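The values are calculated or read from the model by the stated rules, or taken from the named source; none is laboratory data. Source: prediction; values computed, not measured. For neighbour counting, all protein chains shown are included, and Cβ atoms are generated from backbone atoms with ideal geometry for every residue, glycine included.
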């Protein structure tokens, strides 16, 4: 069983705190209530090598799932902002948005 202090659990914690920092409105992560809660939960489920606890793996799984949720929700917001409807667009704008070029009319 992996403990909270194992390398995968720590990298998950770092990813989770990084996502919280990206989505936080406060400048300091210490002021973020969600970050404080995550750190307290990690501390709560810390174990030593002598202890075997199913909650450790469960906590790591929940942390990974929540981290993926935060990443995907941030990416969704970015994509939604970029491609959300802005009313009627010209053919040139639409082609440029998806990466195409229109052929030029020889006049």
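Against the list (1) touching a helix residue (DSSP H, G or I) at 6+ places or on another chain (Cβ under 6 Å); (2) closer than 14 Å to residue 10 by Cβ; (3) modelled with pLDDT of 85 or more, the condition residue 45 fails is (3). Number of residues in the stretch 48-63 that are surrounded by fewer than 16 Cβ atoms within 10 Å (Cβ to Cβ) and either part of a helix (DSSP H, G or I) or at pLDDT 85 or above (or both): the value is 6.
Residue pairs whose Cβ atoms lie under 8 Å apart, separated by 6 or more positions or on different chains, with the first residue in the stretch 68-96 and more than 30 Å from residue 13 (Cβ to Cβ) and the second at pLDDT below 90, are 83/97; 89/97; 91/102; 92/102; 95/101; 95/102.
Rundown of residues vs (1) on the phi < 0 side of the Ramachandran plot; (2) touching a helix residue (DSSP H, G or I) at 6+ places or on another chain (Cβ under 9 Å); (3) modelled with pLDDT under 80; (4) exposed (fewer than 10 other Cβ atoms within 10 Å of the Cβ), yes/no style:
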{"position": "12", "(1), (2), (3), (4)": "yes, yes, no, no"}
{"position": "92", "(1), (2), (3), (4)": "yes, no, no, no"}
{"position": "95", "(1), (2), (3), (4)": "yes, no, no, no"}
{"position": "106", "(1), (2), (3), (4)": "yes, no, yes, yes"}
